[in-house]
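See below for the structure under consideration.
The values are calculated or read from the model by the stated rules, or taken from the named source; none is laboratory data. Computed from a prediction, not measured in an experiment: that's the story for all the values here. With ideal geometry, Cβ positions are generated from the backbone for all residues, glycine too; neighbour counts draw on all protein chains shown.
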Amino acid sequence: PYVNTKDILEKANKEYYAVAAFNINNLEFLQAIVEGGIEKKSPLIIETSEGAMKYAGMGDPLRGASLFVKMVREFADSLDIPIALHLDHGKNFNHIISAIKAGYSSVMIDASDKPLEENIKATKDIVRIAHAVGVSVEAELGKLAGIEDNVVSAESVLVNPDEAKYFVEETQVDFLAPAIGTSHGAFKFKGEAKLDYDRLKKVKELTNMPLVLHGASSVVQEMVEIAENYGADFGGSKGVPSDILKETVRLGINKVNTDTDLRMAFIAGLREFLHNNSKEFDPRKYMKTAKEYVKKVVSDRLELLGSANKA
Ligand SMILES: O=C(COP(=O)(O)O)NO
Ligand SMILES: [Ca+2]
Ligand code: NA
Ligand SMILES: [Zn+2]
């Protein structure tokens, strides 16, 4: 069934596991993710950036949002696993409203690059509208380093746990993304991978609410190697190691945003297939390996996060 993200995350919060939130831009990634969810009998959160809405809608974000709602609902309504659709990194008021109007389960209002009081104001505005129509809301505190779709935040400013408690009380947001040292993309750490567990623990103790980890891809080396065998150059790529990811779940992370790992899996499968099949031009065939690799990464992640058999 098509459900509200909050329902998925409240259960995860109670039982201390996490649910992956997988980004999509097209049909093929959605198919592969859904196959992984069916195999693992796991709840799924599908998420799209504002850019994905514009991409699918050929420049019109509301048309793109409606297209994604229809696609996701078509799968969700016909399956036993709970599936939600979430707007990731909503920054533009009109785009966030478009997602709500189109029927998204939840939206993120990302005003994390603004001073605290501005972040609170922007979040309260969206919470008031979203809650009026049963849509749940995510917000972010602290800044991720790296590229956030199209916003380069220079430094990574980690979450202040006391601020988080105040922020949640003021905004009544449903789930919170505390910055604890991750960043978006395939090049996450200069040196060794390290996250601020202490801040995460404090935020959980002070808020007791579902928490979100952004920039949570592991950059699966198996996929990097396949892609590089067939011409990719992903030198220096590094993600969040599995043991560190598991520790964040143990400490209270319940939604794990995963985009880069699926992109790496897809391009690895595509490069491999195209290199070995010079005569093929049927899209249902030349994207087959790509979709299989995405499904594999999805299935492994659902297992790792503990949401397998929780549907
Ligand atoms: O935070 C993410 C995805 O992060 P990755 O680049 O690590 O997949 N989306 O909002
Ligand atoms: Ca942000
Ligand atoms: Na999000
Ligand atoms: Zn993110």
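What the table below lists for this structure:
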{"item": "First in the stretch 200-216 and hydrophobic (A, V, I, L, M, F, W, C), second anywhere and in a loop (DSSP other than H, G, I, E, B) and within 16 Å of ligand 1 (Cβ to nearest atom), Cβ under 7 Å, 6 or more apart", "result": "200/180; 203/159; 213/182; 216/182; 216/240"}
{"item": "Hey, residue 136 among the small types (Gly, Ala, Ser), at pLDDT 95 or above and surrounded by 16 or more Cβ atoms within 10 Å (Cβ to Cβ) or not", "result": "yes"}
{"item": "Residues that are within 16 Å of ligand 3 (Cβ to nearest atom) and either over 15 Å from the mean Cα position of the chain (by Cα) or loosely packed, with under 15 Cβ neighbours inside 10 Å (or both), drawn from the stretch 208-240", "result": "209"}
{"item": "The listed residue being away from ligand 4 (no atom under 16 Å from the Cβ) and either modelled with pLDDT of 95 or more or among the polar types (S, T, N, Q) (or both), out of 116, 141", "result": "116"}
{"item": "Inter-residue pairs, beta-carbon under 7 Å, first within 18 Å of residue 89 (Cβ to Cβ) and among the aromatic types (Phe, Trp, Tyr) and in the stretch 13-36, second assigned to a helix (DSSP H, G or I) and modelled with pLDDT of 95 or more, 6+ apart", "result": "22/33; 22/262; 22/298; 29/262; 29/266; 29/294"}
{"item": "Residue in the stretch 244-252 that is within 24 Å of residue 31 (Cβ to Cβ) and surrounded by 20 or more Cβ atoms within 10 Å (Cβ to Cβ) present", "result": "no"}
{"item": "One residue from 208, 276, 254, 309 being at pLDDT 95 or above and in contact with a strand residue (DSSP E or B) (Cβ under 7 Å, 6 or more places away or on another chain)", "result": "254"}
{"item": "Positions within the stretch 255-269 being touching a helix residue (DSSP H, G or I) at 6+ places or on another chain (Cβ under 8 Å), within 25 Å of residue 85 (Cβ to Cβ) and either among the hydroxyl-bearing types (Ser, Thr, Tyr) or more than 11 Å from ligand 1 (Cβ to nearest atom) (or both), in sequence order", "result": "258, 265, 266, 267, 269"}
{"item": "Residue match in the stretch 117-132 (condition: within 16 Å of ligand 2 (Cβ to nearest atom) and within 25 Å of residue 305 (Cα to Cα))", "result": "no"}
{"item": "Filter result (over 29 Å from residue 179 (Cα atoms) and either buried (at least 24 other Cβ atoms within 10 Å of the Cβ) or among the aromatic types (Phe, Trp, Tyr) (or both)) within the stretch 73-104", "result": "75"}
{"item": "The one condition in (1) surrounded by fewer than 22 Cβ atoms within 10 Å (Cβ to Cβ); (2) within 13 Å of ligand 4 (Cβ to nearest atom); (3) at pLDDT 95 or above that residue 166 fails to fulfil", "result": "(2)"}
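Matching residues to (1) assigned to a loop (DSSP other than H, G, I, E, B); (2) farther than 30 Å from residue 170 by Cβ; (3) touching a His at 6+ places or on another chain (Cβ under 7 Å); (4) within 16 Å of ligand 4 (Cβ to nearest atom):
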{"residue": "216", "(1), (2), (3), (4)": "yes, no, no, yes"}
{"residue": "223", "(1), (2), (3), (4)": "no, yes, no, no"}
{"residue": "228", "(1), (2), (3), (4)": "no, yes, no, no"}
{"residue": "257", "(1), (2), (3), (4)": "no, no, yes, yes"}
